[in-house]
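Every number in this text was worked out from the coordinates using simple rules, so none of it is lab data. As the structure is a computational prediction, the values presented were derived from the model and not from experiment. Reconstructed Cβ throughout: ideal geometry from the backbone, glycine too, with neighbour counts over all protein chains shown.
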Amino acid sequence: MPVDRNLHIIPNDSPVCQLDAEDAFKTLSEKERKYAHFVAKASFDGALAVFLQVSPESAPIFYVLYRLFKAESVEQLKEKALAVGFSEDEWQALLIYAAAFYSNSGNYKGFGDSKIVPAVDQKKIRALIEKSAAGSDEKVLKTWESVENVIGSLEDKELQLGFGDKGVTCYHSSNITKADAEKIDRFFKARNVESWNSRLFKEVGADGKTTYTIKLASSEEGVVAEAVEFEGDVVQIVKGDYALVMKRTHEWLDKAVPFAANKNQEEMLKKYIEHFKNGDINAHKDGSRYWIKDVGPAVESYIGFIENYRDPAGTRSEFEGFVAAVNKETSKKFLTLVSRAEEILKRLPWGPDYEKDTFLKPDFTALDVIAFGSSGIPAGINIPNYDDIRQNEGFKNVSLGNVISAQPKQKMNFLDEHDEELMFKFHKDSFEVQVGLHELLGHGSGKLFQKNADGTFNFDNTKVKDILTGGPIATWYEPGETWSSKFGPLASAYEECRAEAVGYVLCCDSDILEIFGYTGELAQDVKYVNWLSEIRAGLMALEFYQAEQKKWGQAHCYARYVLTKVVLEAGQGFVKIEETKGEDGKADLHFKLDRNLIDSVGRPAVNAFLAKLQAYKSTGDFEGGKKLFEFYGAVGETELHWRDVCIARRKPRRLFVQPNTVENSGEVSLVTYPSDASGVIKSFVDRYDSAAIEDLYACWKNDQKWF
């Protein structure tokens with residue numbers, strides 16, 4: 001089947017939304033602004049590592065684009081582009097490609113994991129580079145030559161992220177297979193070590209002996225653990241991955257220390273600095289412990305190798321760092337939700353044996369993002385992701401208000417006029433409720449049944465019953481096993497589905513909606529729009545299904561699709577998806593949800609499914625959980641037809657343009673940019689000095705032996 005190139009091109013009309021942080025920034029004192037500035041610099045400089053994680057060509061593309069737009073303004077480059085044969089549309093296409101490349105931290109989508117290619121022939125791009133001021137530098141031209149053939153290429157193995165035999169990744173050398181990754185997961189488990197900040201590389205010697213090298217992200221270089229034999233092969237652990245980038249990260253954090261608001265923040269930063277220096281994941285875990293204790297700060301931040309959505313093995317994590325100012329008024333709602341969490345958790349369909357022994361009341365704040373360095377900006381976060389800390393010590397939740405509110409007004413496909421009007425009116429309100437429930441009571445709920453190293457259990461294995469069979473608990477997490485290591489690549493989608501389902505069922509309760517300020521008919525509208533929005537999103541998610549490989553790539557899309565299939569199965573006319581013809585005469589879909597059946601049909605169906613999800617998660621029953629999830633995640637002929645319509649009528653995703661913090665004469669100010677592709681490009685050019693880009697270049701050159 002020929003590749004549809006349009007699926008990999010970012011449309012010229014893609015909306016660019018400003019991440020508005022001006023009002024939030026104004027509330028900060030000068031000390032808080034300096035703290036925010038230095039942590040923001042650490043976050044953005046550290047996020048250069050993402051370009052080294054995603055694909056072999058992302059770092060050199062970044063280098064060329066940076067040098068191109070640094071040397072001349074967009075207006076000057078446009079003149080030269082038109083002179084070498086660009087059309088107006090092609091020039092806009094190059095700007096959109098650059099903006100999307102920056103926003104996704106590489107040439108694969110942060111949401112969807114498919115390759116991004118420019119809608120301009122690479123020969124024209126080369127002509128522009130040669131004519132530009134940057135083109136006078138031989139290093140720029142040679143770097144461009146190294147990526148020229150791949151930047152627009154759509155060979156089968158280049159379409160998606162994945163192991164090297166089927167996709168692209170830089171979490172592993174290109175010769176690493178799924179079996180290799182699973183072997184090294186066993187190595188980590190045997191040593192009770194976690195792989196969050198690592199990459200995996202394989203060399204086969206002339207004697208046929210295989211050596212696996214685990215590289216830890218750190219500024220210091222050297223051997224962490226001498227080579228040992230494991231399952232017939234050699235495994236060694238070294239540190240010094242992304243060394244120059246990690247050095248920049250901890251140097252900025254060091255500058256933030258004097259401006260910390262309290263001892264917890266100070267100790268947190270010191271532990272993070274230690275982690276980025278020596279690569280020890282335990283130092284980051286200790287920093288996270290101090291972070292949990294830092295309750296209600298004016299400036300909130302978190303930084304490190306956090307989310308494992310994009311590692312094909314599902315265990316290694318992408319770098320991200322963020323800084324945000326607390327919205328005190330909105331935070332009051334979330335703190336009320338926290339105060340009532342223990343009572344609300346009892347409404348979930350699994351009973352006290354499947355819930356944490358003690359609910360560790362987290363800090364839950366509404367934030368306006370000032371800086372977010374990563375491949376994408378979420379609407380809410382529940383961290384840290386370390387199972388032992390989350391279960392036994394605590395966690396934090398944040399809702400990112402200026403992300404939720406930055407919505408372009410685009411036509412909403414497949415809805416009738418009345419539903420579309422309700423979506424525009426109540427989307428922000430319903431999404432705020434969903435994020436709150438999803439993060440606090442979704443990700444924050446549920447117990448993992450663990451066998452301890454001394455043979456004891458963290459549950460009474462003589463009394464606790466399996467909620468699916470009624471019999472005794474037959475499986476659990478062995479010492480060294482974690483949720484992500486046990487469920488692997490399925491873990492992210494499965495957990496997002498569980499958290500989404502918690503939001504679905506709990507938003508039905510009027511007293512919960514009242515916490516957010518919604519009562520009466522208004523509350524019913526918010527509840528309806530939440531269900532309508534989320535279940536429709538499951539239909540729209542089909543765009544991100546990889547039909548050729550028969551697999552899901554994006555965790556949130558997979559999760560939402562599964563829940564949409566669950567409510568479709570419930571029947572009784574609760575959800576209807578009908579094929580129609582659009583005004584243009586082409587195939588269309590009509591999506592309808594019966595608001596009168598949410599409580600009687602929708603909620604019971606999701607509740608029953610949620611209980612199964614929790615049962616398999618708590619007991620570590622990967623095979624049972626996989627069978628359940630893949631049954632609902634299956635895409636048949638009907639859904640493939642829906643997918644074709646979704647793709648044909650898809651709307652471009654929003655891009656964010658973020659501000660920068662700048663220090664002049666000892667004072668920190670916020671610089672904002674226009675809401676267009678040029679604004680995104682300018683923000684990135686301003687964000688990094690030339691030394692940072694040269695450090696990225698040097699890291700890329702060091703990586704070339706592996707890719």
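Whole Å is fine, so just give me how far the alpha carbon centre of the stretch 445-486 lies from that of the stretch 244-309.
With the stretch 445-486 and the stretch 244-309 each reduced to a Cα centre, they are spaced 32 Å.
Please give the calculated 222 nm ellipticity per residue for the chain, where each DSSP H segment of at least 4 residues contributes -39500 (n - 2.57) and the sum is spread over every residue; nearest 500 deg cm²/dmol?
On the way: 27 runs with 321 residues, N = 707.
Theoretical 222 nm ellipticity from helices: -14000 deg cm²/dmol.
Taking the Cβ of THR213 as the centre, find all other residues whose Cβ is under 15 Å away and add up their charges (Lys, Arg: +1; Asp, Glu: -1).
0
Among (i) 40; (ii) 51; (iii) 27, which is the computed percent of Cα pairs over 41 Å apart?
Derived directly from the coordinates: (iii).
So which of LYS142/LYS166; LYS550/LYS617; LYS70/LYS124; LYS247/LYS651; LYS34/LYS271 end up more than 31 Å apart by C-alpha?
Beyond 31 Å: LYS247/LYS651.
What does the charge count around ALA570 come to, taking other residues whose C-beta lies under 14 Å from its C-beta (Lys +1, Arg +1, Asp -1, Glu -1)? Show your work: numbers first, answer last.
Working: positive: LYS565, LYS576, ARG603; negative: GLU569, ASP594, ASP599.
Here the charged neighbours net out to 0.
Can you return the lysines within cross-link range of LYS425? Criterion is Cα-Cα under 17 Å, with same-chain partners fewer than 8 residues away left out.
LYS425 reaches LYS409, LYS411, LYS527.
Near ILE125, within a Cβ-to-Cβ distance under 14 Å, what is the net charge of the other residues, with Lys and Arg +1 and Asp and Glu -1?
Net local charge, ILE125 excluded: +1.
At q = 0.06, 0.14 Å⁻¹, work out log10 I(q)/I(0) for the stretch 246-648 with the Debye formula, treating every Cα as an identical point scatterer and leaving solvent out; two decimals please.
Debye curve over Cα of the stretch 246-648, log10 I(q)/I(0) at q = 0.06, 0.14 Å⁻¹: -0.24, -1.36.
If we sort 424-431, 368-375 on the protection proxy, mean other Cβ atoms within 10 Å, highest first, what's the order?
Peptide ranking by packing, descending: 368-375, 424-431.
Relative contact order for the chain using alpha-carbon pairs under 8 Å, separation at least 6, rounded to a whole percent?
18 percent
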